[in-house]
Amino acid sequence: IFYGNGGASTTNTAKGIQYAADNGAHILQNSWGYDSYLADKGMPSNDAAYKRLSRIEAEALEYFVANGGDENGPLDGGLVIFAGGNEGVALPGYPAAYEPCIAVAATNPALRPAYYTCYGEGTDIAAPGGDHYFGAEGGIVSTITPGMYGNRDGYVSNQGTSMACPHVAGV
């Protein structure tokens, strides 16, 4: 769904989500979204506002839930998982907080909420997301394109609800 320097259009997002459902995807794991309303008052604060502001995207997510997977597979319908956001406020961003989605918060190595994680109403589950305040061992190791950030081997230690999301998708 992304192009160029990381931008995405609502139309491409909706098409990508529908394509995934139509081609048998069971799980849609997402590490993108909008800032929480509590961090940016221009963002949606509830499901009705999200559907009004991002109707095509919301309908695509509903389509995935209804049409993803297959009746002979592990899921008859799709499961949508979203990183809840890293603004450290008591409401995840959208579309993570949208009712058909599973919003993921992040825990630190001490199994407590990470300092940056969004939480509260609309959050469904928490998973290890890392916390660099715990030192080098506090991050979650993830892959990157070799050469990014001067890295040669294609791995980096990171933190965020985007690092927590794949744990939930894997389970």
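General remarks:
- Here is the P(r) of region 70-119: all C-alpha pair distances, binned every 5 Å from 0, give 5, 23, 21, 16, 13, 9, 8, 4, 0 in whole percents.
- Degrees between helix 10-22 axis and first principal axis of the chain (Cα, 0 to 90, nearest 10): 80
- Cα principal axis extents for region 1-102, largest first, Å: 43, 30, 23
- Close amide H pairs (under 5 Å, H built 1.01 Å from N) link Ala126 with Ala105, residues at least 5 positions away or on another chain.
- Most mobile of Arg55, Arg112, Arg152 in a GNM of the chain (Cα contacts under 10 Å): Arg152
- The angle between the Cα long axis of helix 55-67 and the longest principal axis of the Cα atoms of the chain comes to about 80 degrees, rounded to the nearest 10.
- On Cα atoms only, tilt of 161-170 relative to the major axis of the chain in degrees: 60
- Whole-number percent relative contact order across region 16-171, with pairs defined as alpha carbons under 8 Å at least 6 apart: 22
- Residue-wise HN-Hα coupling along region 97-113, computed from phi with Karplus coefficients 6.51, -1.76, 1.60 (Hz; x: Gly, Pro): 6, 5, 3, x, 9, 9, 8, 10, 9, 10, 10, 8, x, 8, 6, 10, x
- Overall form of region 59-171 per C-alpha gyration tensor (a/c, 1.5; a/b vs b/c): oblate
Each reported figure results from applying straightforward, stated rules to the coordinates on display, with no laboratory input. Please read these numbers as outputs of a predicted model, since none were measured by experiment.
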